[in-house]
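Right, one structure below, let's go through it.
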Amino acid sequence: MENKVFDVTALGELLVDMTQSGLSEQGNQLFEANPGGAPANVLAMLRKLGKRCAFLGKVGQDSFGDMLERTVREAGIDTRGLRRDAEIPTTLALVHTFPNGDRDFSFYRKPGADIRLRAEELDLERVRGCRIFHFGTLSLTDEPCLSATLEAVREAKEAGALLSFDPNLREPLWPSLDAAREQIAWGLGQCDILKISDNEIVFMTGEEDFDAGAAKLQALYPNIRLLNVTAGAEGSYAYYGGLRAFEPGCRRGGVIETTGAGDTFCACVLNYVLEHGLDDLTEYDLHEMLRFANTAAYIVTTRKGAIRSMPERDEVERLL
């Protein structure tokens, strides 16, 4: 696995987060077009940490698609696996922010270009040539991207990559919650590394207690070697073998919005695995991993957007 061309290849949505940005002189709501999409956000943070990354996905043959491709390339991410759709426009997400910085999403995606990625369009060289393959569930909501994701996961696994999964549940994008639960369960059954949020672990296990929920997932899916639960400003948890670690969140104020925080956390976890391996981690390692990931995630919440808001390593270390 050490001789792979890329450290992490990610597949999924690349879209524009239209983030609330005050009012115009006429009193109309203004929106800022921020490049985003969870898998691309993860790669953007990994690039800040010096890792070699490739993205697989699809955007429209439109001005938003041009902006996204340019942004990802400028971030240092390999875009040779990015496809363009001449018929369907780039997917948009309207991000509605709340006073505490949390947010809600409305999607323009029926259809959107990201779900039009076909299995035959996959750049298998980038799938097979990575140490870690990362995916979520937005690429599992609709065909043909569903089949493309299944194929990519099979190829990555056969090539010996570690599999990283983030459920990233967005309820409005699913035909039903049962459909969402089914596809999340499939992803849980594939991955070595899991990043799951507080609401998602409750959704999948029915357990309000994170320790109980994690234990249930570990029993159902013994393939999960490193399980991380994010709980917003409260902090995060790591479960590895029989070890458990918790680190509180960074609370220094200045939170604007939380878009990209979970993706930043996920990227830092993957970076730790790339640098330390996934064998013989200690409780000290888990705490060290969570402290860095929590701090980086906090920094992103003090800025708008995600891809262009990721902190440098030394910025995180200074705050630590």
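Every number in this text was worked out from the coordinates using simple rules, so none of it is lab data. As the structure is a prediction and not an experimental result, all values here were calculated from the model. Cβ atoms come from the backbone with ideal geometry, glycine included; neighbour counts cover every protein chain shown.
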| Distance from the Cα centre of the range 195-221 to that of the range 281-317, in angstrom? | 23 Å
| request: Let me know the Rg and Dmax you get for the range 107-149 when you use only its Cα atoms, in Å. | output: 11.3, 34
| remark: For the range 7-129 the translational diffusion coefficient, Stokes-Einstein from a Kirkwood Rh over Cα pairs at 37 °C and viscosity 0.692 mPa s, in µm²/s, is roughly 217 µm²/s
| Using the count of nearby Cβ atoms within 10 Å as a rough guide to exposure, how do SER106, SER139, SER24 rank from fewest to most? | SER24, SER106, SER139
| said: 7 Å from Cα along Cα→Cβ at both ARG313 and ASP104: what's the point-to-point distance in nm? | reply: 4.1 nm
| query | Among LEU281, LEU319, LEU243, which residue has its Cα positioned farthest towards the positive end of the charge dipole of the range 208-320, with +1 placed on the Cβ of Lys and Arg, -1 on the Cβ of Asp and Glu, and the dipole taken about the Cα centre? | reply | LEU319
| query | What is the fewest-to-most order of TRP174, TRP186 by other Cβ atoms lying within 10 Å of their Cβ? | reply | TRP186, TRP174
| Given +1 on the Cβ of Lys and Arg, -1 on the Cβ of Asp and Glu, and no further charges, what dipole in debye does the chain carry about its Cα centre, rounded to the nearest 20? | 580 debye
| task | For the range 1-105, give the magnitude of the charge dipole about the Cα centre (Cβ charges: +1 Lys/Arg, -1 Asp/Glu; no others), in debye to the nearest 20. | result | 540 debye
| remark: Placing +1 on each Lys and Arg Cβ and -1 on each Asp and Glu Cβ in the chain, then taking the dipole about the Cα centre, the residue among THR259, MET204, LEU46 whose Cα reaches farthest towards the positive end is LEU46
| query | Can you give the translational diffusion coefficient of the chain in µm²/s, computed by Stokes-Einstein from the Kirkwood radius over Cα pairs at 10 °C and 1.306 mPa s? | reply | 82 µm²/s
| request: Pull out a ≥ b ≥ c, the square roots of the eigenvalues of the alpha-carbon gyration tensor of the range 142-211, then state rounded if a/c is under 1.5, prolate if not and a/b is larger than b/c, and oblate in the remaining case. | output: oblate
| message | Between the range 35-95 and the range 114-146, what is the separation of their alpha carbon centroids in Å? | response | 13 Å
| Given charges of +1 on the Cβ of Lys and Arg and -1 on the Cβ of Asp and Glu, with all other atoms neutral, how large is the dipole of the range 121-259 about its Cα centre, in debye to the nearest 20? | 520 debye
| Quarter of Cα convex hull surface for the range 49-118, i.e. mean projection, nm² | 6.1 nm²
| remark: Pairs over 28 Å Cα to Cα, from LYS4/LYS216; LYS51/LYS304; LYS51/LYS110, come to LYS4/LYS216; LYS51/LYS110
| query | Computed on alpha carbon atoms, what radius of gyration and Dmax characterise the range 1-71, expressed in Å? | reply | 15.7, 58
| query | For the range 170-320, what is the convex hull volume of its Cα atoms per residue in Å³? | reply | 117 Å³
| said: Suppose a student asked you for the relative contact order of the range 219-259, using Cα pairs under 8 Å spaced at least 6 residues apart; what percent would you report? | reply: 28 percent
| field | Top positive-direction residue, dipole computed over the range 74-224 with Cβ charges, set ILE77, GLY189, CYS145 | value | ILE77
| said: I'd like to know how the range 133-182 sits against the 2.2 N^0.38 Å rule of thumb: what's its Cα Rg over that expected value? | reply: 1.19
| note | Listing THR264, THR19 by rising number of other beta-carbon atoms within 10 angstrom, fewest first, gives THR19, THR264
| note | Using alpha-carbon positions, the gyration tensor of the range 30-81 gives root eigenvalues a ≥ b ≥ c; with a/c under 1.5 called rounded, otherwise prolate if a/b exceeds b/c, else oblate, the class is oblate
